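The values are calculated or read from the model by the stated rules, or taken from the named source; none is laboratory data. These figures come from a predicted structure and were not determined experimentally. Methodologically, a virtual Cβ is constructed for each residue, glycine included, from the backbone with ideal geometry; neighbour enumeration extends over all protein chains shown. Ligands, DNA and RNA are stripped out before the accessible areas are found, and what is left, the full protein with its side chains, is counted by its heavy atoms. Shrake-Rupley method; radii C 1.70, N 1.55, O 1.52, S 1.80 Å.
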Amino acid sequence: MIKDNNDRGELKWAIRFINLAEHIAEWSKDPSTKVGAVVVDDLNRVISLGFNGFPRGVRDTEPRYADRKIKYRMIVHSEENAIYGADRPVRGMTLYTTLFPCSSCAKTIIQSGIALVVFSRWPTLNWLDDAKISATMMEEAGLRLQLLDKSDTVIRLIDYSNLDTATQRNLGH
């Protein structure tokens, strides 16, 4: 478990896994949003990787990605792909992701038993309402959330009750 700002060894691993998630995100063919995720066990072993894209066997075409209505109905998010792709149950594991999970991913994360989500980027303002729903579900389910801010190399625990202020501050509002 990552401790808030105190454990430099854990911070080193968290930075590595977020960097790996950022690398994996580049594999996405989505031209507007590239997101990566890594599932890690308690021994810091990578269990699974995921990036946002269409389901296996479905054609990745530019027109489909260009049409948001079609894209949003077809795309599988990185967090979901990482959980679905794991070769064992992920209960109690950590999910590192490059973007705060949406409400749909939050449901999958909760149901899979992930214990900790570490993310490196807040959603854009147009996704703020969905982020609030996501945070509410994760809080009620007892899931821990941590923001990894690589700019000053600290990990901050997320205070669910203060999500609006924290999110707006991180979005520059």
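Loop-only trypsin sites (Lys or Arg not before Pro) in segment 64-115, please: DSSP not H, G, I, E or B, and at most 15 other Cβ atoms within 10 Å. Those satisfying the criteria are 91.
May I ask you to derive the relative contact order of segment 1-144, considering only C-alpha pairs under 8 Å and at least 6 residues apart, and to give it as an integer percent?
So the answer I get is 21 percent.
Ranked from largest to smallest solvent-accessible area, with a 1.4 Å probe on the protein heavy atoms, 42, 129, 67 come out as 42, 129, 67. Extension gain, residue 88 to residue 133: 0.36 nm times the residue separation minus the Cα-Cα distance gives 13.4 nm. Scalar couplings 3J(HN,Hα) for segment 64-80, obtained by applying the Karplus form with A = 6.51, B = -1.76, C = 1.60 to θ = phi - 60°, are 5, 5, 6, 8, 4, 4, 5, 4, 5, 7, 9, 6, 10, 6, 4, 5, 5 Hz; x denotes Gly and Pro. Note on residue 41 and residue 149: with the Förster distance fixed at 25 Å, the Cβ-Cβ geometry gives a FRET efficiency of about 0.55.
Computed over segment 18-114, the percent of Cα pairs more than 16 Å apart is 52. The simple Förster model, with R0 at 35 Å and r as the Cβ-Cβ distance, assigns residue 61 and residue 126 a FRET efficiency of 0.90.
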